[in-house]
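Student: Before anything else, here's the structure in question.
The values are calculated or read from the model by the stated rules, or taken from the named source; none is laboratory data. Keep in mind that this is a model prediction, so the values were computed, not measured. Here the Cβ positions follow ideal geometry from the backbone for every residue, glycine too, while neighbour counts run over all protein chains shown. With ligands, DNA and RNA removed, areas are computed over all heavy atoms of the protein, side chains included. Shrake-Rupley method; radii C 1.70, N 1.55, O 1.52, S 1.80 Å.
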Amino acid sequence: MSSSDFIVFGAPKIDQDEIDEAVRCLESGWIGTGPRVARFEKEFGSYKGEPFAAAVSSCTAAMHLSVLAAGIGAGDEVITTPMTFCATVNAIVHAGATPVLADIDPLTMNIDPAKVEERITAKTKAILPVHFAGRAANMDALTEIATRRGLKLIEDCAHAIETEYHGRKAGTFGDFGCFSFYATKNVTTGEGGMVLTKNEEDLARIKMLALHGMSKDAWKRFSDEGYKHYFVVETGFKYNMMDLQAALGIHQLRRVESNWLRREEIWRQYNAAFGGLPVTLPAAPEANTRHAYHLYTILIDDKRAGIGRDEFLDEMTANNVGVGVHYLSVPEHPVYQEKFGWRPEDYPNALSVGRQTVSLPLSAGLTDAEVSRVIEVVRNTIIVKSKGRRSNGLRLKSREQNGQLCAQPLT
Ligand SMILES: Cc1ncc(COP(=O)(O)O)c(C=O)c1O
């Protein structure tokens, strides 16, 4: 097997339409923020059924701007999940606010509303849930808490482009919905993000902050409509999306459903193939919701599987299967321990998931042969190791019992 047989984790499915649009964009002479970004915003907004959408450079930028636009800053607290990418927490910190963690439900891996309630103080200004792996967070409970306690709700929808919950689309529950179009995401622009807002004022502020704090439509200043003066009204950021990125996004979005169907099919194949293995599979999607099937994560408990999570990761890589870890719980990282005094053991559910979880390839671009290969490598690894563990257990026990064989494995 050559290195070209390596299955890259999260490899995007880029078709000819994206390539042609990118070439047309390059040839147009307008590659920065312009008409293609405006089109992508409009089409993404229509997909979500929301009129107010601002394209930005990343989901991290989307969340940073949302926290600022929510009027949150120094002295304020924002409650989020320990089972997320560092960007969720960093966005809160960049806005000058203090992140506060509430542990997850171990089954859904989403923030536990009861734990959120426990962490609310007089300083709490917002809840920032993540729809982990594409599974909707408990939005009934979170929306109820936010309304009752007068808190803003900002959704991290990095995994949740297609996610729906009780008839509503992810990103439309909160005051702000933040999306990622990073290379591995369900819709990709290479790097990129989107914010959905509930009103025009928030949208205008986000757009202004995303482009240096320059007054409305400053990106049009070099267009054929004649030079337009702009004024800087806030010290903003450089968080705008380029037309070259939107050129990809426009066509990626058109295939969002067919790609989702392909990932659902792979998800089902994995469930069928791994059902009998001594590992924990992702929880079945909740009724009356739509899972975005962004990550297929299995939990490897060395006591059951006969192999530790990290050894399993090495085995996958050695067999040319690219894997991911989503995520080591946030408090495992030294910077947060130093900054906020967080201890991993204070968030036991996130800690346990973070130390056992492995994400298997789930890209819509996987071929049938690649899916079969992932299945074969995972099954072989677990079956061999768990058998080894059982026979090792038998040996140990038989030694204990002076050579008498006992059929009961040591667990
Ligand atoms: C849950 C979550 N939030 C936020 C982000 C940040 O997204 P971006 O890379 O677009 O800034 C990611 C990216 O992987 C993510 O998985």
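Student: What percent do you get for the relative contact order of the chain when only Cα pairs under 8 Å and 6+ apart count?
Tutor: Relative contact order here is 20 percent.
Student: Moving to a separate point now. Pairs Lys42/Lys125; Lys115/Lys238; Lys42/Lys216; Lys238/Lys339; Lys48/Lys238: which exceed 24 Å Cα-Cα?
Tutor: Lys42/Lys125; Lys115/Lys238; Lys238/Lys339; Lys48/Lys238
Student: Can you give the % of DSSP beta bridges in the range 154-311 that are antiparallel, to the nearest 5?
Tutor: Here the antiparallel bridges make up roughly 75 percent for the range 154-311.
Student: Given springs between every Cα pair under 10 Å in a Gaussian network model of the chain, which of Lys198, Lys303, Lys385 has the largest fluctuation?
Tutor: It is Lys303.
Student: What percentage of the solvent-accessible surface of the chain, computed with a 1.4 Å probe over protein heavy atoms, is contributed by carbon and sulfur atoms?
Tutor: 53
Student: Among all the aspartates and glutamates, which ones have a C-alpha under 19 Å from Lys13's C-alpha, if same-chain residues fewer than 8 places away are not counted?
Tutor: Asp5, Glu21, Glu162, Glu191, Glu257, Glu264, Glu265, Asp368, Glu370
Student: Bin width 10 Å, alpha-carbon pairs only: give the P(r) of the chain as whole percents, running from 0 to the bin holding the largest distance.
Tutor: So the P(r) values, bin by bin, are 5, 21, 29, 24, 14, 5, 2, 1, 0, 0.
Student: Probe of 1.4 angstrom, ligands and nucleic acids ignored: what's the accessible area per residue over the chain, in square angstrom?
Tutor: Heavy-atom SASA per residue in the chain reads 43 Å².
Student: For the range 142-244, go through all pairs of different Cα atoms, get the mean of 1/r, take its inverse, and jot down that Kirkwood value in Å.
Tutor: Roughly 15.6 Å, rounded to one decimal.
Student: If I build a Gaussian network model for the chain, linking alpha-carbon pairs within less than 10 angstrom, which residue out of Glu164, Glu118, Glu265 has the largest mean-square fluctuation?
Tutor: Between Glu164, Glu118, Glu265, it is Glu118 that shows the largest mean-square fluctuation.
Student: Which FRET efficiency value, to the nearest 0.05, do you get for Asp224 and Val325 by plugging their Cβ-Cβ distance into 1/(1 + (r/R0)^6) with R0 = 35 Å?
Tutor: With a Förster radius of 35 Å, E is 0.10.
Student: Highest mean first, how do 105-111, 308-314 rank when packing is the count of other Cβ atoms within 10 Å averaged over residues?
Tutor: 105-111, 308-314
Student: In nm, to one decimal, how far is the Glu27 label point from the Arg39 one, both placed 7 Å along Cα→Cβ?
Tutor: Computed distance between label sites Glu27 and Arg39 equals 1.4 nm.
Student: Using only helices, what value at 222 nm comes out for the chain when you add -39,500 (n - 2.57) per DSSP H run of length 4 or more and divide by the total residues, to the nearest 500 deg cm²/dmol?
Tutor: Using -39500 (n - 2.57) per qualifying helix, the result is -13000 deg cm²/dmol.
Student: Treating only the Cβ atoms of Lys and Arg (+1) and Asp and Glu (-1) as charged, compute the dipole magnitude of the chain about its Cα centre; round to the nearest 20 debye.
Tutor: Rounded to the nearest 20 debye, it is 720 debye.
Student: With the contact rule set at Cα under 8 Å and sequence spacing of 6 or more, what percent relative contact order holds for the range 188-295?
Tutor: Computed over the range 188-295, the figure is 23 percent.
Student: If you don't mind, there's one more thing I want to ask. Using a Gaussian network model of the chain whose springs link C-alpha atoms within less than 10 Å, name the residue from Thr147, Thr197, Thr88 with the highest mean-square fluctuation.
Tutor: Thr147
Student: A follow-up question, please. Hey, what D do you get for the range 97-157 in µm²/s if you plug the Kirkwood alpha-carbon radius into Stokes-Einstein at 4 °C and 1.567 mPa s?
Tutor: Rounded, D is 111 µm²/s.
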